[in-house]
């Protein structure tokens, strides 16, 4: 069940109304102050001081793609006001509320983006408590024809009215079908739960440009061995492999988790000893049938990876190095991926990097010492981020897009949807970037939108790099000073000017 956001109870409503005095001082003689800001930036529900909107809302994007813009409505009176929103003109606009949610630290942040649905009479209504600011997130689908399209947005109610003009600039260029940044969630709600909203799950994950899939431990393709220790490929459940592939941009890449208990068990009444010849035989048999099953489905070595251990510690090193050596002996073309965080000392990081093909540090351990070790290894570098709702969407977006300059080729995160209730965190912190509560969709968040937008800017930078090295180098110099919208606009103009 989704929540309506702040205020949650009467005392909050009374306290927030006191903020009306500050708003009246900031906006003299104004009952409703309307402003705009970076759509993914943190916005306080007691916002005060942003400049009043006095110009059109302009956005720039590729033809057929989606671009966001926001309006912030600050109620400068102590009484609640209800606004009716109207959008006219030819633009295809999705209207979403920005809803505050509670964190485990007992404060609220603006994160959830449920659809603002029409009431029984077809009106879009937005209620704003006294002294509060409510943000509305407009997601505009740009036209398929390049050029400028416009739509006026108007609001009225409670004795106030106003309007703003949406100006959408559509550029005649396209993203590649699969984005160059390998992207996936480290933990998914069980695929069987996602299947209950199959169309919504596929639409949401693909909209976020998820082009890689780490198969959830519950859905791993487990090996089946007979009493003599020979693998029985025909008895293995390959349906999971086919179902998992649907939850990403096609054709996509798959990462298979090599759970340690896979290859242990009994044969002729004797326990299989880890790292023994029998254990090595089972590992290699599994690798061969897995590679063949992927080949039959059109997935070659460029799209298949093995994963040894999640966030390994020093005690996991013997297992990881043994599996890596056993796999490479059997099939040197099969690539091995693994992440790392605080649990490995520098020397172990060197050993792990030498043994595998792709290594992914957690965002918060990407310090100069560790990154030098990884770069000196010559291996491909991805990364991941254990994030939660306390991370502003703008910070997440800007980090992802900055990976282009670092030649980091993959980004994953914890997580798309976990088992905790994201609306009411309670004792279990939720890391989900989507929310339940709508039967027709996974409700996006500023963070899920940040993943989408960060990947798109990363892709634009890669496209510019391919077409104009000098312009790309110059753009990297300004990435830390210009805002996201300006950078996108400049790249799009340069890409289309070269056509």
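No lab work stands behind these numbers, since they all come straight from the coordinates. Since the model is a prediction, treat every value here as computed from it, not as a measurement. Every residue, glycine among them, receives a Cβ derived from its backbone with ideal geometry; neighbour counts consider all protein chains shown.
Structure summary
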| read-out | value |
| --- | --- |
| Rounded tilt (10° steps) of 346-355 against the dominant C-alpha axis of the chain | 70 degrees |
| Between the range 134-167 and the range 1-67, the Cα center-to-center distance that results, in Å | 15 Å |
| Folded to 0 to 90 degrees: helix 446-467 orientation relative to the chain principal axis, Cα | 70 degrees |
| Per-q log10 I(q)/I(0), the range 327-408, q = 0.11, 0.17 Å⁻¹ (Debye; single scatterer per alpha-carbon; no solvent) | -0.33, -0.72 |
| Relative intensity, log₁₀ I(q)/I(0), of the range 10-171 from a Debye sum that treats every alpha carbon as a point, q = 0.12, 0.14, 0.15, 0.16 Å⁻¹ | -0.54, -0.72, -0.82, -0.93 |
| Stretch gain in nm, segment residue 476-residue 325, where the contour uses 0.36 nm per residue and the Cα spacing is subtracted | 50.4 nm |
| Cα Rg, Dmax, the range 182-497, angstrom units | 20.7, 72 |
| Per-pair calculated FRET efficiency, R0 = 22 Å: residue 218 and residue 351 via Cβ, rounded to 0.05 | 0.10 |
| Sum of -39500 (n - 2.57) over DSSP H runs of 4+, divided by residues of the chain (222 nm, nearest 500) | -9000 deg cm²/dmol |
| For the range 182-497, share of DSSP beta bridges that run antiparallel, in % to the nearest 5 | 15 percent |
| Span from the the range 424-499 Cα centroid across to the the range 213-241 one, whole angstrom | 37 Å |
| Contour minus Cα-Cα distance for residue 177 and residue 313 (0.36 nm per residue) | 45.2 nm |
| Residue order, fewest to most beta carbons within 10 Å, for 363, 351 | 351, 363 |
| Degrees, to the nearest 10: 317-330 long Cα axis against longest axis of the chain | 70 degrees |
| Additional length obtainable on full extension of the chain from residue 259 to residue 163, 0.36 nm per residue less Cα span | 28.8 nm |
| Inter-probe distance in nm under a simple model that places probes 7 Å from Cα toward Cβ, at residue 26 and residue 228 | 7.7 nm |
| Relative contact order [Cα under 8 Å, 6+ residues apart], the chain, whole percent | 15 percent |
